[in-house]
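Values in this text are rule-based calculations from the coordinates and carry no lab data. Computed from a predicted model, the values in this text were never measured in an experiment. All Cβ positions, even for glycine, are placed from backbone atoms using ideal geometry, and neighbour counts span all protein chains on display.
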Amino acid sequence: MNTPTATVAAYDLRAIREQWGDLLAAIGRPPRAEWPPRDSRALGAVAEPDDEPAVGRLPLVLREHPAPANLTALDAAVSVEQALFTACDAIAAAVQRPIRRRRVALRSTPPRTVIREDQADRDDPARWHYPAPTSPGSRAYGLHWAAVWLEGRALDEQSGDLFRPLPEPVLVDLATVARRARARVETALGRDGRPTVLDRPCPYCRGRLTAHTRTGDPMAATIVCSTGEPCPAPVLLDHGRRTWTGADLVTLYVALESAHR
């Protein structure tokens, strides 16, 4: 049975992972008040070419960003990635079993033996590998793998005797890291619930439109027109304001695009 702390930590790590592609895409776009919110699914972001499948997983510290259009998104991504990598290193040091060593007989005269690392145990895909001067270790697989690995540790997923359960203080620290990292991602993407005044007026009355978004799903947003009841938009009034939610957001988006053209 997982504790509430473990469940919340896993939930936050999953949210980071699911929004990571949007944050990376935002690095290349100038920040602006926009709707739908920065979501690669809604904005039609182009996927990485098939001949470069590893680029999206490389740690940001190993990539080049010669001219990032959104420094806020880049700073958030670098900070969150480093926080999760550091958490992986610390948790592996606390609960991950060292690589087994075994005696190997050499073909020599006279016969002798040496102690070497067990290769199968060293290459266990569940094992977190620390960075070294000549290798980034498991960091080479990027933030997605780090988040998945941390989630497994939070939920105490078994992998033979490779891991011990997380001590409660370590679990609490992980939950704190995950919560802060998620907040950093969602703030950079404009998904932290703060109202965003859009850079386009209401297509029906030219009033000011304000968006409220708390998730990566554009359909979970709420858009409010400042004009009030005189606005002729074909949506219901909510507290005296024309308000778009759910499927009505599609109608608003189409109207905004038509007015822009």
task = List every residue whose amide H lies under 5 Å from the amide H of Arg29, counting only residues 5 or more places away in sequence or on a different chain, with H placed 1.01 Å from N in the peptide plane.
result = Ala69, Asn70
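Write down the Å³ per residue value for the convex hull defined by the alpha carbon atoms of the stretch 103-197.
In the stretch 103-197, the Cα convex hull volume per residue is 154 Å³.
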task = Might you report the magnitude of the Cβ-based charge dipole of the stretch 163-261 about its Cα centre, with Lys and Arg at +1 and Asp and Glu at -1, to the nearest 20 debye?
result = 240 debye
query = What are the residues whose amide H is under 5 Å from the amide H of Arg242, where those residues sit 5 or more places off or on another chain and H is modelled from the backbone?
reply = Cys225, Gly228
key: Ordering of 108-115, 87-94 by packing [mean C-beta count within 10 Å, highest first]   = 87-94, 108-115
query = List the GluC sites (Glu not before Pro) in the stretch 69-178 that DSSP assigns to loop (not H, G, I, E or B) and whose Cβ has at most 14 other Cβ atoms within 10 Å. Which are they?
reply = Glu157
